[in-house]
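Colleague: The structure under discussion is supplied below as structure tokens; questions concerning it will follow.
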Amino acid sequence: MTQPFRYCPQCATELALISQLEDGGDKQRLRCPACGWTHWNNPVPVLAAVIECSDRDGQLLLARNAAWPGRMFGLVTGFMEAGETPEEGIAREVAEETSLQVDALSLIGVYDFQRMNQLIVAYHARARGEIRLSPELAEYKLFAPQAVRCWRAGTGFALSDWLRARGHEPQFIDWPPRQAGS
């Protein structure tokens, strides 16, 4: 993952990896040697939804992001806006990306996604309405809960926990698909 900062946003001095004593001990971070500004690089909270379509026999909606290569379908995700709760944020994201109205939300769990430096807050969203995708999503598929396949990263663990809580043993896929001979 590339470093988001190369220069100090306060004084434009090039940042350097500098060790400094913090509450938890000595910690090396990108810091400004001139003014002391620190790039904390804390994980970003991301909201995710296992969308159960209450008006489609409880099928799950998985979507393919327009920016993703291949045919991987996943949970609807997005970032919180300032001033909204996580519940308001995921209901807004579901509405923006699928046009579905969320009737009920329940927390599935919180998941570590270090590859993207994210903390995923996952919800079960019971939703209804006509599905109309935003340009952010290329397509969607509806799955019976017992037919959906999980992936071993980020939101895939939230989906597997949701399935287990409903008596379905999750089935996992390899993603990305393994190449012949590997």
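Colleague: Residue under question is P86, and the condition is that it be surrounded by 13 or more Cβ atoms within 10 Å (Cβ to Cβ) and either touching a Lys or Arg at 6+ places or on another chain (Cβ under 7 Å) or at pLDDT below 95 (or both); does it hold?
Modeller: When the stated conditions are applied, P86 does not pass them.
Colleague: Among the residues of segment 149-173, write down those that are in a loop (DSSP other than H, G, I, E, B) and either at pLDDT below 95 or exposed (fewer than 15 other Cβ atoms within 10 Å of the Cβ) (or both). Give the steps one after another, and end with the answer.
Modeller: Filtering segment 149-173 for residues in a loop (DSSP other than H, G, I, E, B) gives 152-153, 166-170.
Correct list: R152, A153, R166, G167, E169.
Colleague: Need the failing condition index for Y123 against (1) among the hydroxyl-bearing types (S, T, Y); (2) closer than 25 Å to H168 by Cβ; (3) open to solvent by 20 Å² or more (accessible area, probe 1.4 Å), just the number.
Modeller: That leaves (3) as the condition not met.
Colleague: Of the residues that make up segment 100-116, is at least one modelled with pLDDT of 95 or more, open to solvent by less than 30 Å² (accessible area, probe 1.4 Å), in a loop (DSSP other than H, G, I, E, B) and not hydrophobic (A, V, I, L, M, F, W, C)?
Modeller: No, segment 100-116 has no match at all.
Colleague: Kindly establish whether S134 is open to solvent by less than 50 Å² (accessible area, probe 1.4 Å), polar (S, T, N, Q), at pLDDT 95 or above and not in a helix (DSSP H, G or I).
Modeller: yes
Colleague: Turning to a different aspect of this structure: Looking at segment 31-79, which of its residues are farther than 30 Å from D103 by Cα and out of contact with any Ser or Thr (no Cβ under 8 Å at 6 or more places or on another chain)?
Modeller: G36, W37, T38, H39, W40, N41, N42, P69, G70, listed by residue number.
Colleague: For segment 8-28, name all the residues that are open to solvent by less than 60 Å² (accessible area, probe 1.4 Å) and at pLDDT below 95.
Modeller: Matches in segment 8-28: E22, G25.
Colleague: Determine the pairs where a residue that is free of Cβ contacts under 8 Å to residues at least 60 places away in the same chain, located within segment 90-107, has a partner that is open to solvent by 20 Å² or more (accessible area, probe 1.4 Å) and assigned to a helix (DSSP H, G or I) with Cβ atoms under 6 Å apart, the partner being 6 or more residues away or on another chain.
Modeller: Hits for this filter: V102/A91; L105/E87.
Colleague: Now for a separate question. Given the residues Y111, Y7, which is the only one that is among the aromatic types (F, W, Y) and closer than 21 Å to F143 by Cβ? Give the steps one after another, and end with the answer.
Modeller: On the way: Y7 fails: closer than 21 Å to F143 by Cβ.
Going through Y111, Y7 in turn, just one is among the aromatic types (F, W, Y) and closer than 21 Å to F143 by Cβ: Y111.
Colleague: Can you find even one residue in segment 116-123 that is β-branched (V, I, T) and either in contact with a helix residue (DSSP H, G or I) (Cβ under 6 Å, 6 or more places away or on another chain) or farther than 21 Å from S106 by Cα (or both)? Break it down into steps so the answer makes sense when it comes.
Modeller: Applying the first criterion (β-branched (V, I, T)) to segment 116-123 yields 120-121.
From what's left, either in contact with a helix residue (DSSP H, G or I) (Cβ under 6 Å, 6 or more places away or on another chain) or farther than 21 Å from S106 by Cα (or both): 120-121.
Looking for residues that are β-branched (V, I, T) and either in contact with a helix residue (DSSP H, G or I) (Cβ under 6 Å, 6 or more places away or on another chain) or farther than 21 Å from S106 by Cα (or both), one finds at least one in segment 116-123, hence yes.
The values are calculated or read from the model by the stated rules, or taken from the named source; none is laboratory data. Keep in mind that what you see is a predicted model, and the values were worked out from it rather than measured. No Cβ is skipped: glycine too gets one built from the backbone with ideal geometry, and neighbour counts run over all protein chains shown. Protein only, heavy atoms only, side chains kept; ligands, DNA and RNA dropped before computing areas. Shrake-Rupley method; radii C 1.70, N 1.55, O 1.52, S 1.80 Å.
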